[in-house]
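Since the structure comes first, as structure tokens, the remarks are kept for the end.
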Amino acid sequence: MNDFEKFLKSVEVHLEGLDEKIKNKLDKLDSVINEKLKSRGFGWDADADRKAEENEKTYGEDSRVDVETIIINDEDGDGAGDYARYGEDSGGNSDAEKFEKIAPYMSEKSLHNMVWEFLYGDLEMNMVGILPFLCDEDISLLTKMLLKSEGETFKGLKVKDILPFAKDADIDEIFIKRAKTGYIDREMMPFVSDDCWHEIVKDYCKDEDSTLNMDELYPYLNDEDITLLFKTYLKRQKSHKKNKFGK
């Protein structure tokens, strides 16, 4: 055996079982990430994956879409009832929890039906855990409903829950509406766009009677808006002195 063959043999020995070691490392990392996500209300459920696979074997390849559609749309409840009993027997989940469990396997259309039922129907559930799976259109529908609700809670869903997923325009609309009443939502501030901040600054500079506390907004303003505020403060101070001393 020459040196090159010895080298190849050495490499082969070192690589032996490496794929299994890598898989084990990734599985451990996968588990750690999942636990972190679960602590924040996200993550995935290994039991739910197993149940979905068993359900797919029982009902066929399209069972995931069929079952979710039944749960949302089937009025007679036959299919939904069968699936519900399956969930209760296995995990003892409540009706509301079943929707959270099935959401990761639902099609975009069925998720849209779920959002619609939540907004305009009788569906009661914790929508927070479903947000990562929704399309932009459905996130926007939820955001606009919160806007109609004056930004308050809607069926347990709060503005702060939807902020990481909402469009800038929808966030800005809620924030500006509140700001015009003199209320600054601190939880929304990191998500507000530069254009929105500029509109708020301009409105403040035009309205000398504004009660908005601008001091807490400075870290989020760009140079242009800071300069505009400085000039406004300077102009108002001169005006006040002139009125006070009559000069």
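The values are calculated or read from the model by the stated rules, or taken from the named source; none is laboratory data. These numbers were taken from a predicted model, which means no experiment stands behind them. For neighbour counting, all protein chains shown are included, and Cβ atoms are generated from backbone atoms with ideal geometry for every residue, glycine included. Heavy atoms of the whole protein, side chains included, go into the accessibility calculation; ligands, DNA and RNA do not. Shrake-Rupley method; radii C 1.70, N 1.55, O 1.52, S 1.80 Å.
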Descending accessible area (1.4 Å probe), largest on the left, turns ASP136, ASP172, ASP203 into ASP136, ASP203, ASP172
Taking 0.36 nm per residue of separation between PHE230 and LYS202 and subtracting their Cα-Cα distance, the length gained on full extension comes to 8.9 nm
Counting only DSSP loop positions in region 190-220, the GluC sites (Glu not before Pro) whose Cβ has at most 15 other Cβ atoms within 10 Å are GLU208
With all protein chains present, region 104-247 has a carbon and sulfur share of its accessible area (1.4 Å probe) in percent of 50 percent
In the neighbourhood of MET188 defined by beta carbon distances under 10 Å, the net charge of the other residues (Lys, Arg +1; Asp, Glu -1) is 0
With every protein chain in place, the accessible area of ARG178 for a 1.4 Å probe, in Å² rounded to the nearest 10, comes to 30 Å²
Simple SL model, points at 7 angstrom along Cα→Cβ for TYR120 and LYS158; separation in nm is 2.9 nm
Shape call for region 108-243, from the Cα gyration tensor axes a ≥ b ≥ c (a/c under 1.5 means rounded, otherwise prolate when a/b beats b/c, else oblate), comes out prolate
With all protein chains present and a 1.4 Å probe, the order of CYS196, CYS205 from largest accessible area down is CYS205, CYS196
Beyond 18 Å (Cα-Cα) in this structure, taken from LYS202/LYS242; LYS206/LYS231; LYS206/LYS238; LYS206/LYS235; LYS101/LYS167, we find LYS202/LYS242; LYS101/LYS167
Once all protein chains are kept in place, SER110 shows an accessible area at probe 1.4 Å, nearest 10 Å², of 10 Å²
By the Cα gyration tensor axes a ≥ b ≥ c (a/c under 1.5 gives rounded; else a/b larger than b/c gives prolate, otherwise oblate), the shape of region 151-194 is oblate
With every protein chain kept in place and a 1.4 Å probe, region 95-247 has an accessible area per residue in Å² of 58 Å²
Order by accessible surface, 1.4 Å probe, largest leading, for residues TYR220, TYR105 comes to TYR220, TYR105
